[in-house]
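The values are calculated or read from the model by the stated rules, or taken from the named source; none is laboratory data. What you see is a predicted model; the values in this text were computed from it and never measured. Cβ placement follows ideal geometry from the backbone for every residue including glycine, while neighbour counts extend to all protein chains displayed.
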Amino acid sequence: MKHLSKLMLFCILLTVFSTVTKAQAPKKLDAAEIKQALNKLEVLGSVLYLAAHPDDENTRLIAYMANEKNMRTAYLAMTRGDGGQNLIGTEIREYLGIIRTQELLAARRRDGGEQFFTRANDFGFSKDPNETLNVWDKDDALADVVWNIRRFRPDIIITRFDTTLVPSGSMHGHHTASARLAMQAFDLANDPTKYPEQLKYVQPWQPQTLYWNGYNFGGRNDGEEFDGSPGYYTIDFGAYNPLLGLSYDEISSLGRSEHKSQGFGSTGRRGESKEVLMYWKGEKPKADIFEGINSSWSRVKGGAEIGTLLAKANKNYNLSNPSVIIDDLLQAREKLVTIEDEYWKKVKLEELDLVIKSVLGLYLEVVADEETKVSGEKLRISVEAINRSDVKVSLNSIDFPELNQKATITQSLANNQSFRKNLEFTLPELPNSEPYWLREEGTVGMYRVDDQALIGLAQNTDVLNATFNLTINGKPYAYATSVVYKENDRVDGEVYRPFVMTPPVYVNIAESVLVFADNSTKEVNVVVKAGTNNVSGKVSLDLPSGWKSSPESFDYNLKGKQEEARFKFQVLPPTTQQEGQVTAKVTYNGKSYHQGLKVIDYKHIPRQTIFPESTAKVVRLNLERKGQYVGYIMGSGDAVPESLTQIGYTVSILDPNTITAESLADFDAVIIGVRAYNTVDRMPFIQPDLMAYVKQGGTVIAQYNTSMRDQPEIGPYPFQISRDRVTVEDAKVRILAPDHPLINGPNKITEKDFEGWVQERGLYFPNQWDEKYTAILSSNDPGDKPNDGGLIVGQYGEGYFVYTGYSWFRELPAGVPGAFRIFSNMISLGNEKPKNTKLNQIEKKR
């Protein structure tokens, strides 16, 4: 293999180490932040924190390392949190992973850290680290940890979790696995015979020391207990940073509160707050974990003079007139670009360029005329450059590397005189802005990413970039920024969004799962949307064998960008129960497209645009049901109501503020959404009405809630929710009450109904319940004791109350046939005879 040139290697490193800030306003440091950044410029050292999921990181430690010790600090999360629950919306799996990725990036903007990942997928809760490593594919997961160590080059690695389960079986298998991988990667990262394919991009690297961030979750530490013990190092993370005006705990709470999808809002604390680091491997310091780490510029060949210049600039910095240090900064930059150490050159050049830009009050921005574009379209961009200092600055040109274009501009930037220019280019063939880890189909445990340089990045590198080439006091200076889109919102004011490349046309099937409860045709809605002007062609469905659609295709003709048209296909299922996949596709300009459009838009993260395959699962069920009208109280968010509508139920979403016993009487069943008792404040006040409804003959189905210290009253008789769960989706399920009506009708439930489940059986099962409840099912993970409390039913008055920890919120949207049959049986309890309600009377009149 030929050796890469230094220039090519540096370009690769630019990609590998790029700090991507999607849809953020141009970064501007205030006077105090400039001083903080100057302090950081004098420090050459790095700390890598490693754990399993978003929200596992110690934001207080990251804030301390990044802002008190001024170390380059990063969090390596093994997964993107795809298997968690979502408290702010209905997105789950890979879409939730996108949200939680952006929440981590938002947290890092708060605490000053950086964010990296492996390709491991959060496939759901695991009790066993060996199972975790098997599903993840241990060698690939280990390779990714080694890769992140080699490219980030940490002096210190700190894990959040221990390598053993303490107490046995209580820890998430992902947690323990993350620590075990860190332990192994620490030894392998400096071995050139391990994962040699990585050495095309990076060099072997040996961190100095590996620590475990002790914490009292497992009863192993509390800082005080181990203070002064050999191998234990206590640090006060509660220190106060006067430049930032916050303690590190207060900074931590701001970062922690960005994890909104997990409900991790946090209140900052002030005062001393000690934590302990436990020595695991490497050079063992005597008293200070930073002993033996050369964090000065002398660690870099030719760096001593740079350090002297930066120290001088820092000493002479004037809060009232930041630009007085510009000459020292420019001299330091001139020397920095000549050093041989490409790693520290890249890291410190990025830091220094931001400081130079900030001390001059330079505002450099490139804005696209539209949020989305298609290859081949005209791109109109507006450039703004302004110098808000008396320093002599001129703009010479702007490079657009992805466009292979340069705009030559000769413009002096006088103090506070804005320069604006409009440019127009034709976009070349550019890839769509699909999250890089979703471009190829992976496995249950690992995303597939073939480009080594992308592995580990939190998100895609920016679609388009611009480099401003300037001269400052006669010295060259270049500043790279991304091309963004922004608009003025009437409420929020200036809003930035990522610039996105899209397909020319999208096609979406309205539902992700289409369930046919009998042999009747079902209307399938397909939406075609234009990504550019003047698109036309045909839209059709590719169906499995035995399925038919009428018509076979439609013509579409869309004149304007973002215009859409809806088409209704009548799909006829086969006569027997089966599952398959339908794909919607459109033709345009001789090509076939089958990508949809999914937009994730929340206030606390940049808007995310995804182009998923336009497919839907189709399921032909043998299903019987009793009852028609279902009331649904939403909890933390799920797609169960839509799933029930698929099989013919009429579902009404109930407002917790207006529920009364009288309003519930019209429903054949009332379903309480996942975690409603955790998230809906009015549930204790609604509870008497729910129980009155049951007593009068209604059916209430309460889905899982997390265990609570003071569990509210949930059912008519007491039961206690535990942390018991069954994580293996194909774990054997035993029917404990074969004669119970829930098992026998209207659908006869057998072991076959528990085939094809996804992610898990269930979670937070009750472990104690009143004898008036009947336990219906039992299941357990291999080696565990039976969990009989996942589905308990109690008769109360004339009706039924059901509490179930089985994960219907995952199974129904995934189109699991048996889950629909069992859930229909739960709704059908007590519905042998139609209720004489207003809704039924209306139905009869029809």
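Name the residue that is surrounded by the fewest Cβ atoms within 10 Å (Cβ to Cβ), counting only residues in region 189-216 that are free of Cβ contacts under 8 Å to residues at least 12 places away in the same chain and closer than 29 Å to Thr164 by Cα.
Filtering region 189-216 for residues that are free of Cβ contacts under 8 Å to residues at least 12 places away in the same chain and closer than 29 Å to Thr164 by Cα, the one surrounded by the fewest Cβ atoms within 10 Å (Cβ to Cβ) comes out as Thr193.
Can you spot a residue in region 620-627 that is assigned to a loop (DSSP other than H, G, I, E, B), farther than 30 Å from Lys752 by Cα and either without any contact (Cβ under 8 Å) to a residue 60 or more places away in the chain or of a type outside the set (Val, Ile, Thr) (or both)?
Applying the first criterion (assigned to a loop (DSSP other than H, G, I, E, B)) to region 620-627 yields 621-627.
Checking the rest, the ones that are also farther than 30 Å from Lys752 by Cα come to none.
No.
Of a type outside the set (Lys, Arg), surrounded by 15 or more Cβ atoms within 10 Å (Cβ to Cβ) and over 25 Å from Leu48 (Cα atoms), is that true of Leu309?
Judged against the criteria, Leu309 is a match.
Failed condition for Arg151, given (1) in a helix (DSSP H, G or I); (2) touching a helix residue (DSSP H, G or I) at 6+ places or on another chain (Cβ under 6 Å); (3) over 15 Å from Thr79 (Cα atoms); (4) modelled with pLDDT under 95, with all others met?
Unmet for Arg151, out of (1) in a helix (DSSP H, G or I); (2) touching a helix residue (DSSP H, G or I) at 6+ places or on another chain (Cβ under 6 Å); (3) over 15 Å from Thr79 (Cα atoms); (4) modelled with pLDDT under 95: (4).
Touching a residue at least 40 places away in the same chain (Cβ under 8 Å), surrounded by fewer than 14 Cβ atoms within 10 Å (Cβ to Cβ) and either over 25 Å from the mean Cα position of the chain (by Cα) or assigned by TED's automatic domain parsing to the domain that holds His174 (or both): does that describe Glu424? Lay out the reasoning, then the answer.
Working: touching a residue at least 40 places away in the same chain (Cβ under 8 Å): yes; surrounded by fewer than 14 Cβ atoms within 10 Å (Cβ to Cβ): yes; either over 25 Å from the mean Cα position of the chain (by Cα) or assigned by TED's automatic domain parsing to the domain that holds His174 (or both): yes.
Yes, satisfied.
Kindly indicate which of Thr267, Thr338 is touching a Ser or Thr at 6+ places or on another chain (Cβ under 8 Å) and among the β-branched types (Val, Ile, Thr).
Working: Thr338 fails: touching a Ser or Thr at 6+ places or on another chain (Cβ under 8 Å).
Residue meeting the stated conditions: Thr267.
Anything in region 345-381 that is over 28 Å from Pro322 (Cα atoms) and of a type in the set (Val, Ile, Thr)? List them, or say none.
Within region 345-381, the first condition is being over 28 Å from Pro322 (Cα atoms), and the residues that meet it are 368-381.
Within region 345-381, Thr372, Val374, Ile381 qualify.
Is region 114-128 home to any residue that is outside any loop (DSSP other than H, G, I, E, B) and out of contact with any strand residue (DSSP E or B) (no Cβ under 9 Å at 6 or more places or on another chain)?
Of all residues in region 114-128, those outside any loop (DSSP other than H, G, I, E, B) come to 114-117, 120.
The next check asks that each one be out of contact with any strand residue (DSSP E or B) (no Cβ under 9 Å at 6 or more places or on another chain); those that pass are none.
No, that holds for no residue.
Let's see how each residue does on (1) modelled with pLDDT under 95; (2) crowded, with 21+ Cβ neighbours inside 10 Å; (3) under 30 Å from Glu441 (Cβ atoms); (4) β-branched (Val, Ile, Thr):
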| site | (1), (2), (3), (4) |
| --- | --- |
| Glu613 | yes, no, yes, no |
| Gly631 | no, yes, no, no |
| Gly637 | yes, no, yes, no |
| Glu642 | yes, no, yes, no |
| Thr645 | yes, no, yes, yes |
| Gly648 | yes, no, no, no |
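Please find, within region 328-365, the residue that is surrounded by the fewest Cβ atoms within 10 Å (Cβ to Cβ) out of those that are of a type in the set (Phe, Trp, Tyr) and farther than 18 Å from Ala311 by Cβ.
Step one: filter region 328-365 for residues of a type in the set (Phe, Trp, Tyr), giving 343-344, 363.
Adding the requirement that they be farther than 18 Å from Ala311 by Cβ leaves 343, 363.
On the way: Tyr343: 18, Tyr363: 14.
Restricting to residues being of a type in the set (Phe, Trp, Tyr) and farther than 18 Å from Ala311 by Cβ, the top hit is Tyr363.
Of everything in region 650-669 that's among the β-branched types (Val, Ile, Thr) and within 16 Å of Phe685 (Cα to Cα), which residue is surrounded by the fewest Cβ atoms within 10 Å (Cβ to Cβ)?
Thr658
For region 689-726, which positions are among the hydroxyl-bearing types (Ser, Thr, Tyr) and surrounded by 23 or more Cβ atoms within 10 Å (Cβ to Cβ)?
Let us first name the residues in region 689-726 that are among the hydroxyl-bearing types (Ser, Thr, Tyr), namely 693, 699, 704, 706-707, 717, 722.
Correct list: Tyr693, Thr699, Tyr704.
Restricting to region 581-601, what's the tally of residues that are in a strand (DSSP E or B), crowded, with 16+ Cβ neighbours inside 10 Å and among the small types (Gly, Ala, Ser)?
1
May I ask you to list pairs of residues, at least six apart or on different chains, whose Cβ atoms are under 6 Å apart, with the first in region 564-586 being under 15 Å from Val505 (Cα atoms) and touching a residue at least 60 places away in the same chain (Cβ under 8 Å) and the second being crowded, with 16+ Cβ neighbours inside 10 Å and aliphatic (A, V, I, L, M)?
Ala584/Val507; Ala584/Ile509; Ala584/Val526; Ala584/Leu541; Val586/Val505; Val586/Val507; Val586/Val528; Val586/Val539
Of the residues that make up region 492-499, is at least one of a type in the set (A, V, I, L, M, F, W, C), under 33 Å from the mean Cα position of the chain (by Cα), closer than 19 Å to Val367 by Cα and not assigned by TED's automatic domain parsing to the domain that holds Ile409?
Pass one, region 492-499, residues of a type in the set (A, V, I, L, M, F, W, C): 495, 499.
Going one step further and asking which of them are under 33 Å from the mean Cα position of the chain (by Cα), we end up with 495, 499.
Imposing the further condition that a residue be closer than 19 Å to Val367 by Cα reduces the set to 495, 499.
Then keep just the ones that are not assigned by TED's automatic domain parsing to the domain that holds Ile409; that gives 495, 499.
Yes: region 492-499 contains one or more residues that are of a type in the set (A, V, I, L, M, F, W, C), under 33 Å from the mean Cα position of the chain (by Cα), closer than 19 Å to Val367 by Cα and not assigned by TED's automatic domain parsing to the domain that holds Ile409.
Could you please find all residues in region 531-580 being part of a loop (DSSP other than H, G, I, E, B), buried (at least 19 other Cβ atoms within 10 Å of the Cβ) and hydroxyl-bearing (Ser, Thr, Tyr)?
Thr532
With the condition kept exactly as written, say whether any residue in region 66-76 is modelled with pLDDT of 95 or more, of a type in the set (A, V, I, L, M) and farther than 20 Å from Ser295 by Cα.
Going residue by residue through region 66-76, those that are modelled with pLDDT of 95 or more are 66-76.
Subset that is of a type in the set (A, V, I, L, M): 66, 71, 74, 76.
Still in the list and also farther than 20 Å from Ser295 by Cα: 76.
Among the residues of region 66-76, at least one is modelled with pLDDT of 95 or more, of a type in the set (A, V, I, L, M) and farther than 20 Å from Ser295 by Cα, which makes the answer yes.
Step by step: first the residues of region 444-487, then only those that are acidic (Asp, Glu) and assigned to a loop (DSSP other than H, G, I, E, B), then the one that is surrounded by the most Cβ atoms within 10 Å (Cβ to Cβ). Which residue is that?
Looking only at region 444-487, we keep the residues that are acidic (Asp, Glu), and these are 450-451, 462, 487.
Among the residues that remain, those that are also assigned to a loop (DSSP other than H, G, I, E, B) are: 450-451, 462.
Details: Asp450: 9, Asp451: 10, Asp462: 21.
Applying the filter and picking the extreme gives Asp462.
For the structure I just gave you, tell me whether Glu798 is surrounded by fewer than 20 Cβ atoms within 10 Å (Cβ to Cβ) and more than 19 Å from Leu623 (Cα to Cα). Working first, answer last.
Values: surrounded by fewer than 20 Cβ atoms within 10 Å (Cβ to Cβ): yes; more than 19 Å from Leu623 (Cα to Cα): yes.
When the stated conditions are applied, Glu798 passes them.
Does region 349-359 include one or more residues that are touching a Ser or Thr at 6+ places or on another chain (Cβ under 6 Å) and in contact (Cβ under 8 Å) with a residue 60 or more places away in the chain? Don't jump to the end; show me each part of the working.
Residues of region 349-359 touching a Ser or Thr at 6+ places or on another chain (Cβ under 6 Å): 359.
From what's left, in contact (Cβ under 8 Å) with a residue 60 or more places away in the chain: 359.
Yes.
Residues that are at pLDDT 95 or above, in contact with a Lys or Arg (Cβ under 6 Å, 6 or more places away or on another chain) and either in a loop (DSSP other than H, G, I, E, B) or not assigned by TED's automatic domain parsing to the domain that holds Gly445 (or both): does region 756-768 have at least one?
no
Which residue out of Glu494, Glu523, Glu434, Glu441 is among the acidic types (Asp, Glu), surrounded by 18 or more Cβ atoms within 10 Å (Cβ to Cβ) and at pLDDT below 95?
Working: Glu494 fails: surrounded by 18 or more Cβ atoms within 10 Å (Cβ to Cβ); Glu523 fails: surrounded by 18 or more Cβ atoms within 10 Å (Cβ to Cβ); Glu441 fails: surrounded by 18 or more Cβ atoms within 10 Å (Cβ to Cβ).
Answer to the selection: Glu434.
Among the residues of region 43-66 satisfying the criterion of being surrounded by fewer than 24 Cβ atoms within 10 Å (Cβ to Cβ) and touching a Phe, Trp or Tyr at 6+ places or on another chain (Cβ under 7 Å), which is nearest to Ile157 (Cα to Cα)?
My answer is Ser46.
Quick one: how many residues across region 217-238 are surrounded by fewer than 16 Cβ atoms within 10 Å (Cβ to Cβ) and modelled with pLDDT of 75 or more?
Adding up the residues that qualify gives 3.
Need pairs with beta-carbon distance below 7 Å; first residue more than 14 Å from Ile356 (Cα to Cα) and within region 307-324, second at pLDDT 95 or above and of a type in the set (Asp, Glu); sequence gap 6+ or separate chains.
As it stands, the answer is Gly307/Glu42; Ala311/Glu42; Lys312/Asp328, since those pairs meet every condition given.
For Tyr279, work out the one condition from (1) of a type in the set (Ser, Thr, Tyr); (2) surrounded by fewer than 19 Cβ atoms within 10 Å (Cβ to Cβ); (3) under 18 Å from Arg109 (Cβ atoms) it doesn't fulfil.
Only one criterion in (1) of a type in the set (Ser, Thr, Tyr); (2) surrounded by fewer than 19 Cβ atoms within 10 Å (Cβ to Cβ); (3) under 18 Å from Arg109 (Cβ atoms) is unmet by Tyr279, namely (3).
Determine which single condition Thr609 fails, assuming it passes every other condition in (1) in contact (Cβ under 8 Å) with a residue 60 or more places away in the chain; (2) over 25 Å from the mean Cα position of the chain (by Cα).
Here Thr609 meets the rest and fails (2).
Go through (1) surrounded by fewer than 24 Cβ atoms within 10 Å (Cβ to Cβ); (2) in contact with an Asp or Glu (Cβ under 7 Å, 6 or more places away or on another chain); (3) charged (D, E, K, R) for Lys28 and report which single condition fails.
(2)
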